[in-house]
Amino acid sequence: MKVFLILGAVNAMLAVALGAFGAHGLEGKISAKYLEVWKTGVTYQMFHATGLFVVAFLASRFPESSLVSASGWFMLIGIILFSGSLYILSTSGIKVLGAITPFGGVAFIVAWILLVIAAIKLL
């Protein structure tokens, strides 16, 4: 599905840009602890941007699979909730935002489980 290729590319580009911003724009402006939190957000965003490329490939090969498509949407939700909450937490210091992060982590786990199930059924 073309949408997952686009989402993968946009998220990979954003991860590179946000990684550079963290390294050059935030250094010295936020604590080392929050800079590490920022880096965690970037890392997970890039891993799951790559996951979206995998979903795009599989969706083009198996367009009838709702499991593959659902996996891609869960990856996107995970990026928004997990990485997004870490970016906001890092720059605002509002610790309650850390409560959102696990929901993104669960979305990532669900996405990968859906891909496992799809692989078992399709391959």
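By counting other Cβ atoms within 10 Å of each Cβ, how are GLU64, GLU27, GLU36 ranked from fewest to most?
Fewest-to-most Cβ neighbours within 10 Å comes out as GLU64, GLU27, GLU36.
Could you work out the relative contact order of the range 2-122, using alpha carbon pairs under 8 angstrom and six or more residues apart, expressed as a whole percent? Please report the intermediate quantities before stating the final value.
On the way: 145 pairs, mean separation 33.5, N = 121.
Relative contact order, the range 2-122: 28 percent.
Let me spell out the model: positive unit charges on the Cβ of Lys and Arg, negative unit charges on the Cβ of Asp and Glu, origin at the Cα centre of the chain. What dipole size does that give, in debye rounded to 20?
Its charge dipole is roughly 40 debye.
Which aspartates and glutamates, if any, have their Cα less than 16 Å from the Cα of LYS2, not counting same-chain residues under 8 positions apart?
Excluding near neighbours in sequence, the set is GLU64.
Counting each DSSP H run of 4 or more residues in the chain as -39500 (n - 2.57), what helix-only mean residue ellipticity at 222 nm follows after dividing by all residues, to the nearest 500 deg cm²/dmol?
-25500 deg cm²/dmol
If one takes the longest principal axis of the Cα atoms in the chain, at what angle in degrees, from 0 to 90 and to the nearest 10, does the Cα axis of helix 2-20 lie?
20 degrees
What would the Debye formula give as log10 I(q)/I(0) at q = 0.14, 0.19, 0.22, 0.28 Å⁻¹ for the alpha-carbon point model of the range 6-81, no solvent?
Here log10 of I(q) over I(0) equals -0.49, -0.75, -0.90, -1.20.
Compute the helix-to-body angle for 101-122: its Cα long axis versus the longest principal axis of the chain, expressed 0 to 90° and rounded to tens.
The helix 101-122 is inclined about 20 degrees to the chain.
Could you please rank SER65, SER71, SER92, placing first whichever residue has the fewest other Cβ atoms within 10 Å of its Cβ?
With the sparsest Cβ surroundings first, the list reads SER92, SER65, SER71.
Can you compute the modelled spin-label distance between SER92 and ALA17, with each label point 7 Å from Cα toward Cβ, in nm?
It is 2.1 nm.
To the nearest 10 degrees, how steeply does helix 32-61 sit against the main Cα axis of the chain, on a 0 to 90 scale?
Roughly 10 degrees between the two axes.
FYI, it's all coordinate maths here, none of it is from the lab. Keep in mind it's a predicted model, so treat the numbers as computed, not measured. Ideal geometry is used to build each Cβ from the backbone, glycine not excepted, and the neighbour counts take in all protein chains shown.
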